[in-house]
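Since every read-out is calculated from the coordinates, none of them should be taken as a lab result. Here the structure is a predicted model, which means the values were calculated and not measured. Cβ sites come from the backbone with ideal geometry, for glycine too, and all protein chains shown count toward neighbours.
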Amino acid sequence: MKIAVIGTGYVGLVSGAALADLGHSVTCIDIDSEKIARLHDGELPIFEPGLEELVRRNVHAQRLSFTTDYATSIPSADVDTRESPAIDIIERFLEKGASVSAYDPRAEVPTSLSSAIRRAEDAYTACQNADLCLIATDLEEFRMLDLSNIARALRNPILFDARNLFQPEQVQDSGLRYFSLGRSHE
Ligand SMILES: NC(=O)c1ccc[n+]([C@@H]2O[C@H](COP(=O)([O-])OP(=O)(O)OC[C@H]3O[C@@H](n4cnc5c(N)ncnc54)[C@H](O)[C@@H]3O)[C@@H](O)[C@H]2O)c1
């Protein structure tokens, strides 16, 4: 399996190296270009017993590589490792017979779902004529959404904010019925 791991810190580097050692083809992506350059030179940013040898072995076997380039790494990966409850939620919606239109600027859809859902080119297109909009990511750029445009795009102007990305008062003039987690605001 081709796997992309985002972040080469303690969690990402150890997981990436371990997955490569299991035989997967792993690309570790990091926004820190200096860290990636050091990894290319065989220098590890952290110490874990045995990790240096694990990394060296799998880089040598061409199962483990490091990059700052999302564009080429993510589309070719079978597993994007960013925690994504959205995938579980989409599967539940599909089981119930819903049509799902999804937008995420970073995550790739797992191969198993790619033919079952429609990928939209932006959040507004994803909401077009939908019965509700569900936000299941906390990417900063979603905070910048024009909520009035989201309300206009939807057939039913309902927003479920599963990451509590917005404050209820930000949403109140948008025309959306707003639901979030653990907060009462209707
Ligand atoms: N270390 C642990 O024991 C532990 C345990 C549970 C949860 N976590 C969580 O796991 C995550 C990673 O922890 P860590 O200890 O590996 O952190 P870390 O700081 O060692 O590494 C994070 C890496 O991610 C990179 N990064 C940040 N934003 C990025 C982006 N948008 N794209 C690509 N790379 C990006 C950073 O440059 C850094 O190299 C954190 O959210 C942490 O809270 C860590």
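Taking other C-beta atoms within 10 angstrom as a stand-in for reagent exposure, 64, 139 fall in the order 139, 64, fewest first.
Based on the alpha-carbon gyration tensor of segment 2-79 and its eigenvalue square roots a ≥ b ≥ c, which shape applies: rounded if a/c is under 1.5, prolate if not and a/b is larger than b/c, or oblate?
Numbers: a/c = 1.66, a/b = 1.16, b/c = 1.43.
Cα axes put segment 2-79 in the oblate bin.
For the chain, the equivalent ellipsoid derived from the Cα gyration tensor has semi-axes of 38, 18, 13 Å, listed largest first.
Taken over segment 110-177, the convex hull of the Cα atoms encloses 93 Å³ per residue. Spin-label model, residue 61 to residue 47: label points 7 Å out along the Cα-to-beta-carbon direction sit 2.6 nm apart. Annotation: amide H-H contacts under 5 Å for residue 166 (H modelled 1.01 Å from N, sequence separation of 5 or more, or interchain): none. Note on the chain: with charges restricted to the Cβ of Lys and Arg (+1) and Asp and Glu (-1), its dipole about the Cα centre is near 500 debye. Each of 35, 2, 96 was scored by other Cβ atoms within 10 Å of its Cβ. Arranged with the fewest first, they read 96, 2, 35.
Quick check for you: which residues of segment 6-26 have the amide N under 16 Å from the point 7 Å beyond the Cα of residue 84 toward its beta carbon? In segment 6-26, the label zone of residue 84 (backbone N under 16 Å from the point 7 Å along Cα→Cβ) covers 6-7.
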